[in-house]
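Here the structure comes first, spelled out in C-alpha cells, and everything after it is commentary.
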Amino acid sequence: MATQHSRSAARLMISPAVILLFLWMIVPLAMTIYFSFLNYNLLRPGAHDFVGFRNYYYFLTDPSFLIAIKNTLILVLGVLVITVVGGVALAVLLDQPMWGQGIVRILVIAPFFVMPTVSALVWKNMFLNPVNGLFAYFAQLMGLQPYDFLSQSPLMSIIMIVSWEWLPFATLILLTAMQSLDSEQMEAAEMDGASAISRFIYITLPHLTRSITVVILIQTIFLLSVFAEILVTTNGGPGTASTNLPYLVYGQSLLQFDVGGGSAGGIVAVILANIVAIFLMRMIGKNLEA
Amino acid sequence: MARAVTPARKLGFTIASWTVGLVIFFPILWTFITSFKSEGDAVAIPPLFVNFHWTLENYVLVNQRSDYLLHFWNSVVISVGSTFLALVIAIPAAWAMAFVPGKRTKDVLMWMLSTKMMPAVGVLIPIYLMFKNTGLLDTLTGLVIIMTLINLPILIWMLYTYFKEIPGEILEAARMDGADLKSEVLYILTPMAIPGIASTMLLNIILAWNEAFWTLMLTSSQAAPLTQFIASYSSPEGLFYAKLSAASTMAIAPILILGWFSQKQLVRGLTFGAVK
Amino acid sequence: MGKISLRKVTKKFGEVAVIPSLDLEINDGEFVVFVGPSGCGKSTLLRLIAGLEDVTDGVIEIDGVNATQTPPAKRGLAMVFQSYALYPHMSVRKNITFPLKMAGMDPAEQERRVANAAKVLNLTDYLERKPGQLSGGQRQRVAIGRAIVREPKAFLFDEPLSNLDAALRVNMRLEITELHHTLKTTMIYVTHDQVEAMTMADKIVVLQAGRVEQVGSPLELYNAPANIFVAGFIGSPRMNFVTGADADKLNAKTIGVRPEHIDLSKDAGHWKGTVTVSEHLGSDTFLHVAVEGQDTMTVRADGDVAARYGDTVYLTPQADRIHRFGADGKTLK
C-alpha cells in the first residue's frame, strides 16, 4: 500500500521525535554512567580521576543504601496493595446501580489531579499534625493520645499520602475495565446458578486481571520515583527512616555535591526500574499486536 | 441491564458509594473550606465546617507573601507551552507510524515508551550540570524543553492509538476521490483526529502541571511553577493553615476542573492505550 | 467510456501469490460481478483495478491506455467501499462535493452536479446531515452519490450491501441495477453472494484462489458451468453431486443435477430416499432427502407438496439436465 515516496516522507516525520528522545535519554544516561566512574565532587574542583567501581562500592555498601532500598520496596509494595485492593473494591461498588454515579466518580477521581506537593503538605499539616491535625482531634475525641505520624512512622504516613493520590487512578482504570465486561456474560453466569460471590471470583476478577497487571506495572514505574512527597514532608527523615532511592540520589548529588556517587546511585535506580519496565513493555507490546 | 433494581438495594449502594466518595474527597473539601477561615478558626477545636466567619483575606495574604500570579503564569507557560511544542513534534511522528507503518515501527514505539520508564534520577546530574552551564537553571525555556521531552512519548502513544482508529478505507476513499497527501491530512485526517488530539492535549497539560520532580530540581524562584510555590510552605511558620489552604486551592483548582473533563482520556493515556 | 483490460496481472503479498497471472476484458457499459468464496482474491483484484494496491506484474489498461502505474485518483474510477468510508465530520453535501473540490472544479458546476446526484438518489432532504445521523441505506446512497458526481469511467463496488439487512439489500440491489440502466457506465461489483451476482450482472467472473474459473452471463454459468466449482457455486440451493455407479454409467467421475431438475414421486423413480427436512417457502418446497448410498440430496418441489419428515420419496433426474464432470473437475462435453 505504501509507496517508496510515502516511506521516506514518513521517516522524515518521525525523525525529530526520535532524535530528540535519543538526545534526551541516551546522552545524559551515557554521561551519568561516565560520571559514575569518576571521583567528581562539585565542592572539590579540579581533576576528576577515574576511580573504577569505587563509587558503586561506596554507594552500595553505604548503610543508607540498604535502608533506601528497603524503604523503596516497602513504599512501592504498600501503596500497591492498598490501591489495588481498594481499587477493585471501589470499582465493584461504583459499578452498582445508584443515584449520582457521575458525581461520585468525580469525587473519587479528584485526588489524582492534586499536585504532589499540595497533597503532601495538606496531609502533613491539616491531618497528620500531632497538635492541630484533624487526626489528632479524632484521637482525642476517642480518648487516645495524639500520634505524631510523620516522626513516629514516617514511612507509613508517606505510604498513606501516596496511596490517597493513586487510589483514584487504580479505581478509574479498574472501573473502566469493569464497564467493558459483557453484561450477557454475567447474565449467563447468573442463569447457570452462580452466586454474587462466585460471579465475582469466576467472572469479574479474571476479566480484571489484565487491567490489574497494567495498574501494578504503571504504578510501580511512578512509585519507584516518588520524590516530592518526601521532600516536603519528612526530608527523608527522621534520619533515613523515609529515604527512598530517588531521595538518596538527590541528597548525594545535590545536597552533598557528590556527582560521582550520585551518578552511581542513579544508575542503580535505572537498573531497578528497567527490571519492572521489561515486564510492562511486554504487556503493552502484546497489546499492540492485538 | 434491563432488569429492575429494587429501590432499597439502589439506596444502599448510593449511600455506601457517596460515603466512600466523600471520605476520599474530604481532604480537598477541607482544604477548600479552610482557605476561607481566619488562621484562628483554621485550628479551632472542635473543627469548624460552616459556622465560622468566611473571609477572603488568605487569598490576599498569599498573594502578598509571594507572587501567586507569577507562579500561576509560569505553570501555564510550562504546561501549555510544552504541550504545544510536543504536539508539533508528536503529530507527524504518530501520523507516520499509524499510516505508513514499517517493519521497525513497533520497535520505535516501544523504544519511545522505554524512555518514559527511565527514572529521572538516572539523568538528573547531567541535566542539572548542563542547565547550570548553559544558564537554563530557573528559566521557563529550560523547563518547557524538559516537559516537552518528558511527555513526548505519552503524547506520541496516545495520538498513535487515536490515529489507528481512523479506518483505512476512509483514507483510501479520499485517495480515490483525488486527495493528495496534503489534502488528505488537511481535510480528512486532521478533522477526524481533532477530538483525540484535544483530549491528548488536555491530559498532557495536566501531567505537566502536576510534575514535581524536575520543576522542584530545576527552578527556585523566577521560573518556579505552582508545585515549587507550594513547596515553599513545607517549613511551618506560625499559624499558616488557612494561607496554605488558600495557596493550595489556587494551585489545584484550575487543573482539577480540566481533569474532570478528561477522565476517559486519562485512562487511555496513562495506560498507553492498554486499557480503553 | 470505460473499457478495462487486465493482462497477465499478478499480485503477490510477500511470497504468497494471491492472484497468479490473470487476464480479463471488461467492456464499456458492462455490469461485471466478481464472485467467489471469501479469500478468493476478488477484493484484491478490485483494489488492483482501483490502484489502491500495486500490481506485482502485468498490465492494467483503461480505455486502451496503460494505467498500471497511474495513481488511484487519476484513473477516472470511483469506488464504493464496504464500510461506505464516508467522512464522518462532513455533511452529506460536503461528502459528495469532496471529489469535485479535489479536482478543483468550478463551484457552480460542483453545485449542479451535487444537486443532480442528490435528486437521483433521493438525498435532497438530507444534504445538511452528518453521516452519523443517517440510516444504513441512506449512508449507502451517499457513498454512491460521492461516486457518481465524478462521472467516472467505471464504478467499483466492494461488497457494498453486506452491511445492510436483508430487506434493504434487495432494495439497494434494484436501485443499483436501475442506476446502471440510467448511467450506462461500466460497473464492477464484488460480492460473495451468488444471488447478487445472478440478479445484477451482465457478466459474472467466478474466482477461486485468485484464478478465474469462468466468465459468462448469469444464464451461461447456470446452464453450462465450466467445472464442478462453478456448478456448485452458482445456483441456490446448491447442485447435487453424485459419484459411483450412476456417474460411471454416463462415463463421468461425478454427475451433478440441480434441485429444480429432479422430479419427485411418491411411487417410483431412479433413487429411493427418506425426507429428513422439508422447508416450506410457500412458493416452493425444498426437500432434503437421504438417498440410500448417496449424500443427502436437495429437491425443489411445488409449494403445496405435502411431504413430511420420514416420508419415503422417489427421485428422478431430468436426463437432459444432468451435468457430467471428469476426474479433473472440468465439465465433459
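A compact table of results
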read-out	value
Residue match in segment B:195-203 (condition: assigned to a helix (DSSP H, G or I), open to solvent by less than 10 Å² (accessible area, probe 1.4 Å) and within 14 Å of chain C (Cβ to nearest Cβ))	yes
Within segment A:126-137, tally of residues that are open to solvent by less than 20 Å² (accessible area, probe 1.4 Å) and either facing another protein chain (nearest Cβ under 7 Å) or part of a helix (DSSP H, G or I) (or both)	4
In segment C:194-222, residue farthest from the chain's Cα centre (by Cα) [restricted to those that are open to solvent by 50 Å² or more (accessible area, probe 1.4 Å) and closer than 14 Å to C:Ser38 by Cβ]	C:Ala209
Verdict on B:Pro126 being without any contact (Cβ under 8 Å) to a residue 24 or more places away in the chain, at the interface with chain A (Cβ under 7 Å from one of its Cβ atoms) and in a helix (DSSP H, G or I)	yes
Condition met for A:Phe50 (crowded, with 18+ Cβ neighbours inside 10 Å, more than 10 Å from chain B (Cβ to nearest Cβ) and of a type outside the set (Ser, Thr, Tyr))	no
Selection count where residues are surrounded by fewer than 21 Cβ atoms within 10 Å (Cβ to Cβ), small (Gly, Ala, Ser) and farther than 21 Å from C:Ser38 by Cα, scope segment C:76-94	2
Unique match (being within 12 Å of another protein chain (Cβ to nearest Cβ), more than 22 Å from A:Met25 (Cα to Cα), open to solvent by 40 Å² or more (accessible area, probe 1.4 Å) and not hydrophobic (A, V, I, L, M, F, W, C)) among A:Ser211, A:Ser183, A:Ser225	A:Ser183
Any pair with Cβ under 7 angstrom, 6 or more apart, that starts in segment B:26-37 at a residue that is facing chain A (nearest Cβ under 9 Å) and ends at one that is hydroxyl-bearing (Ser, Thr, Tyr)	B:Thr31/B:Ser245; B:Thr31/B:Ser248; B:Thr31/B:Thr249; B:Thr34/B:Tyr241; B:Thr34/B:Ser245
Strands (runs of 3 or more DSSP E) (entirely within segment C:248-328) containing at least 1 residues that are over 21 Å from C:Gly232 (Cβ atoms)	C:262-265, C:271-280, C:284-291, C:296-302, C:312-317
Options A:Leu174, A:Leu150; residue that is in a helix (DSSP H, G or I), facing chain B (nearest Cβ under 10 Å), buried (at least 20 other Cβ atoms within 10 Å of the Cβ) and not basic (Lys, Arg)	A:Leu174
Flag if B:Phe49 is out of contact with any Gly (no Cβ under 7 Å at 6 or more places or on another chain) and open to solvent by 80 Å² or more (accessible area, probe 1.4 Å)	yes
Helices (runs of 4 or more DSSP H) wholly inside segment C:111-221 that include at least 2 residues being assigned by TED's automatic domain parsing to the domain that holds C:Leu24, small (Gly, Ala, Ser) and at pLDDT 90 or above	C:136-148
Pair list, Cβ under 7 Å, 6 or more apart: segment C:315-333 residue under 20 Å from C:Val212 (Cα atoms), other residue of a type in the set (Ser, Thr, Tyr)	C:Phe325/C:Thr254; C:Phe325/C:Thr331
Any hit, segment B:162-183, residues being open to solvent by 50 Å² or more (accessible area, probe 1.4 Å), facing chain C (nearest Cβ under 10 Å) and either in a helix (DSSP H, G or I) or touching a strand residue (DSSP E or B) at 6+ places or on another chain (Cβ under 8 Å) (or both)	yes
Of all residues in segment C:63-92 being farther than 12 Å from C:Arg139 by Cβ and of a type in the set (A, V, I, L, M, F, W, C), the one that is farthest from the other protein chains (Cβ to nearest Cβ)	C:Val65
Residues within segment C:301-323 that are of a type in the set (A, V, I, L, M, F, W, C), surrounded by 13 or more Cβ atoms within 10 Å (Cβ to Cβ) and closer than 11 Å to C:His261 by Cβ, tallied	2
Hits in segment C:27-58 - residues which are in contact with a Leu (Cβ under 8 Å, 6 or more places away or on another chain), part of a strand (DSSP E or B) and within 21 Å of B:Met176 (Cα to Cα)	C:Phe34
Some residue of segment B:251-269 being at pLDDT 70 or above, buried (at least 22 other Cβ atoms within 10 Å of the Cβ) and closer than 17 Å to B:Arg65 by Cβ	yes
Those residues of segment B:185-194 which are open to solvent by less than 10 Å² (accessible area, probe 1.4 Å) and either within 30 Å of B:His71 (Cβ to Cβ) or not small (Gly, Ala, Ser) (or both), in sequence order	B:Ile188, B:Leu189
Single unsatisfied condition, A:Gln140 versus (1) away from chain B (no Cβ under 11 Å); (2) out of contact with any helix residue (DSSP H, G or I) (no Cβ under 8 Å at 6 or more places or on another chain)	(1)
Residue list for segment B:100-110, filter: in a helix (DSSP H, G or I) and at the interface with another protein chain (Cβ under 8 Å from one of its Cβ atoms)	B:Lys106, B:Val108, B:Leu109, B:Met110
Helices (runs of 4 or more DSSP H) completely within segment A:57-125 that count 2 or more residues being surrounded by fewer than 19 Cβ atoms within 10 Å (Cβ to Cβ)	A:63-94, A:101-109
From A:Leu248, A:Leu255, residue being open to solvent by 10 Å² or more (accessible area, probe 1.4 Å) and within 20 Å of the chain's Cα centre (by Cα)	A:Leu248
Candidates B:Ser234, B:Ser248 - the one that is out of contact with any Asp or Glu (no Cβ under 9 Å at 6 or more places or on another chain), at the interface with chain A (Cβ under 7 Å from one of its Cβ atoms), among the polar types (S, T, N, Q) and open to solvent by 20 Å² or more (accessible area, probe 1.4 Å)	B:Ser234
Residue, most open to solvent (accessible area, probe 1.4 Å), within segment B:66-98, restricted to residues that are within 12 Å of another protein chain (Cβ to nearest Cβ) and without any contact (Cβ under 8 Å) to a residue 24 or more places away in the chain	B:Val88
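To keep it simple, each residue is scored yes or no on (1) assigned by TED's automatic domain parsing to the domain that holds B:Leu70; (2) under 25 Å from A:Leu254 (Cβ atoms); (3) of a type in the set (Asp, Glu).
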site	(1), (2), (3)
B:Leu189	yes, no, no
B:Ile197	yes, no, no
B:Glu211	yes, yes, yes
B:Ser221	yes, yes, no
B:Ser248	no, no, no
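Okay, residues lined up against (1) closer than 19 Å to A:Leu29 by Cβ; (2) open to solvent by less than 50 Å² (accessible area, probe 1.4 Å):
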site	(1), (2)
B:Trp54	no, no
B:Tyr59	no, yes
B:Gln64	no, no
B:Lys106	no, no
B:Pro119	yes, yes
B:Thr141	no, no
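The values are calculated or read from the model by the stated rules, or taken from the named source; none is laboratory data. Everything numeric in this text was worked out from a predicted model, so none of it was measured. Positions of Cβ are generated from backbone atoms using ideal geometry, with glycine treated the same way; all protein chains shown enter the neighbour counts. The protein model used for the area step is the full one, side chains on, heavy atoms only, and it has no ligands, DNA or RNA in it. Shrake-Rupley method; radii C 1.70, N 1.55, O 1.52, S 1.80 Å.
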